[in-house]
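Remarks on the structure that follows.
The values are calculated or read from the model by the stated rules, or taken from the named source; none is laboratory data. Quick caveat, the model's predicted, so the values are computed rather than measured. In this analysis, Cβ positions are derived from the backbone assuming ideal geometry, glycine residues included, and neighbour counts consider all displayed protein chains.
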Amino acid sequence: MQFADACFDVVVDKGSLDALMGEVLDISLEATSYLSEVKRVLRPGGKYACVTQAHVNVLGLLLQTFRQGWLLNVHKILLVSNNSNPQSQPYLFYAIKNSAEDLAPVKCFFGNSQNPCTESQMQLVLDAVKEENRLRSEGGLIDTADVFGQLHQGRRTPLTLGGLYPTVVLDAKPDAEPPAIRCGVFLVPKSRAHEWLFSSEEGQWQVIETAQAGRLILVTLDAQQTDMEYIKQVLSPSIKHLLPLDCRESDTIPYMTTNDALSERILLEEIESPVTGIIHVEEVVLLTEDSLSRRAEASKPKQYRRLVFRRNPNLIQSEASLIPVERNSKERARSKNVVDIARRPNGKKKKSRHKMRDLILSSYPGDEELRVDFSYLSSEYHAGMISGLCLNAHNLEQWISAKEPIRAMIVGLGAGLLPMFVHNHIPVNTIQVVELDGVVGDVAKRHFGFVETERMQLCIADGVEAVSAIARNTSISLRQDSTSGKNPLGDLPSTKSSHTSVGGEVTSKVLLAEVARPPLHAYEIYGHSGGSSNMQEKLHILIIDADSEDPSTGLSCPPGEFLEEPFLRSAKEALVEGGILAINVVSRASSPHITAVALLQKVFEEVYDLEIEEHVNRVLFALSQQSHKSGEGVIEKARVFERITRAFAPWKNGPSVKEYAKKIKRLK
């Protein structure tokens, strides 16, 4: 039955809205349509009386719906019952339709009676009303039907969606590129809302620029919400009012987020370091389209092991690709029940975060296990750093021909994946890995398979001092992280670890990486042994891959000292003639990139740039002297580099050097 407009004076609702809303966190289309009809059929001065349990979803919808042109009061209903301590408290929301344009504050009438069982529920209502009134007084809530129908270039509007979700509506700036999409929604996980990219205005403008949208609706989610389809269902009714008019009937508005098909995250270990702070070792599973379909049993999920520092949670320090390898007969005998390793002793499955472990292990035959693939660089900037070494290909070729010992230093260990790749695939004689935190070195060895060899040593020291000492050609006490078990940082307080146990074993040991050392005969071709080289001799290759301790500045990598002129001059002095510096710069702000490029151009003879992620991650390369073949293109140098490295060791899953070379730009 269709009622005429403005035909009723009162609408009484004794639980209908609660029934239409369903689950506690759900907002249904039926409920929003129902309230729209209530508003339509009431005359001016008409009243809507709604009895409700005031769950979060109902509370948010009522506060959002009755704003402009409504007076809204909330009453606590006095219960007459034999039960002196009821478990829930009903409320009466009383909305009066008026012609006032101002946003009147919501008023609460709760009386003095208190019930401990419903105190938290009442506090929830009070907090929601308080926040609603704050937004109304500050003008943070606007008439969405009138304002968002058209795009207004450069407009940024913060508001609260559904009374619950902090939201920013951004319309692209006038100088932005033509949009690829008219309007999109970007969902920000609660755990990442504090990051500069999502919390600052400059960062938010970068998000819409990267998304190439005419309008982007940035919504911060509740911490417990992870299912994309569920989130879309909850938000769609409210989102619709924020869309341009020509998009409101579309069912193809794209929803974007940051997870990249992340299916499962398992914490293997949490370690507290006095230098770095809390360190997490995680395993994550990325499901392919096949593994999300009915053919999941035939599809193997992609699994990675990650190193994350809590001080910089938006940056994955290292990500190792795990691949299946065949066990030997003894290993198969020890793990013949590998599929059941995530089950309780009584045979019942765990209903916990380990549920994915059954899928992971059962999707591989019993004679296989997962190990780190050291020929694959998951981090694109690592692949770019390696590829950019082609800029020095002709010097590398000359050094090899002259049987000159080639020395490399890598500042920043992480999980040890970049040093292991250099060790296995690049013809250098000695590799000094300088890491400030000995705990990081221990984690890299236990969880990621990093090893020291005759050619590669780990030194616990300050990277700036290590490079400066070589430049000064003076001694520095680099405390080597030996395999003898001595703590390289001296007597540290005991580390706090939380191990995820599976079947009585530590998960980090179940899939512990195992590395095969490359044959040393590759170096014997050049007539060198790497172990006896003086640590203070000048370097042929210097790589800076360290993270910043203070990411709040907008600079995630490297620490600020590495982008200052004194260090860059020391770096140049520490390099042999023709040596190369590679430095990873990660910043959401533009100023660190501009400053770094300007200083490198001031200090070095040649400077190159490789942009990995637009406006965020750039690898800068600097040469200590002009190239002998400066007129030669980067692609030709890439071919020479590929020939040299392939002659040294199989490239396997290494990066496509030529593809990265195409993106390298000369700045000086």
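Assessment of region 620-629 against the conditions (more than 30 Å from Ile208 (Cα to Cα), loosely packed, with under 14 Cβ neighbours inside 10 Å, in contact (Cβ under 8 Å) with a residue 24 or more places away in the chain and out of contact with any Lys or Arg (no Cβ under 9 Å at 6 or more places or on another chain)) yields at least one matching residue. Being charged (D, E, K, R) and within 17 Å of Val576 (Cβ to Cβ) is not true of Arg446. If the condition is being farther than 20 Å from Gln121 by Cβ, among the hydrophobic types (A, V, I, L, M, F, W, C) and crowded, with 22+ Cβ neighbours inside 10 Å, then region 39-64 contributes only Leu42.
Of these, Lys658, Lys652, which one is in the same structural domain as Ala589 (by TED's automatic domain parsing), within 32 Å of the chain's Cα centre (by Cα) and not in a helix (DSSP H, G or I)? Even if it seems obvious, please write down each step before you answer.
Details: Lys658 fails: not in a helix (DSSP H, G or I).
Unique residue meeting the criteria: Lys652.
For region 441-457, give me each residue that is under 28 Å from the mean Cα position of the chain (by Cα) and of a type outside the set (Gly, Ala, Ser). Give the derivation first.
Step one: filter region 441-457 for residues under 28 Å from the mean Cα position of the chain (by Cα), giving 441-451.
Across region 441-457, the qualifying residues are Asp442, Val443, Lys445, Arg446, His447, Phe448, Phe450, Val451.
The set of residues from region 161-186 being among the hydrophobic types (A, V, I, L, M, F, W, C) and closer than 13 Å to Ile253 by Cα comprises Ala180, Ile181, Cys183, Val185, Phe186.
Of all residues assigned to region 564-575, none qualifies as being crowded, with 21+ Cβ neighbours inside 10 Å, in a strand (DSSP E or B), touching a helix residue (DSSP H, G or I) at 6+ places or on another chain (Cβ under 8 Å) and modelled with pLDDT of 90 or more.
Of Thr210, Thr167, Thr220, Thr226, all but one fail to be at negative phi and modelled with pLDDT under 80; the exception is Thr226.
Here Thr645 meets each of (1) touching a residue at least 60 places away in the same chain (Cβ under 8 Å); (2) surrounded by fewer than 17 Cβ atoms within 10 Å (Cβ to Cβ); (3) closer than 30 Å to Val372 by Cβ with one exception, condition (2). Among the residues of region 60-76, just one is farther than 23 Å from Phe8 by Cβ and at pLDDT 90 or above, namely Lys76.
Mind checking which residues of region 580-606 are part of a strand (DSSP E or B), closer than 18 Å to Val634 by Cβ and at pLDDT below 95? Hit for region 580-606 is Glu606, nothing else. Figure legend. Inter-residue proximity from region 104-125: first residues assigned by TED's automatic domain parsing to the domain that holds Ile77 and at pLDDT below 80, second residues assigned to a loop (DSSP other than H, G, I, E, B) and exposed (fewer than 10 other Cβ atoms within 10 Å of the Cβ), beta-carbon distance below 7 Å, spacing 6+ or different chains. Indicated pairs: Asn115/Asn85; Cys117/Asn85; Cys117/Gln87. Among the conditions (1) at pLDDT 85 or above; (2) assigned to a helix (DSSP H, G or I); (3) under 16 Å from Val129 (Cβ atoms), Val38 misses just one, which is (3).
Cβ-Cβ distances below 7 Å connect the following pairs, each with a first residue in region 583-610 that is touching a residue at least 12 places away in the same chain (Cβ under 8 Å) and farther than 24 Å from Lys658 by Cα, a second residue that is β-branched (Val, Ile, Thr) and outside any loop (DSSP other than H, G, I, E, B), and a separation of six or more residues or different chains: Pro592/Val585; His593/Val585; Ala596/Val585; Leu600/Val607; Gln601/Val607. Kindly establish whether Gln625 is touching a strand residue (DSSP E or B) at 6+ places or on another chain (Cβ under 6 Å), assigned by TED's automatic domain parsing to the domain that holds His425 and at pLDDT 90 or above. Here the answer is no, as Gln625 does not meet what is asked.
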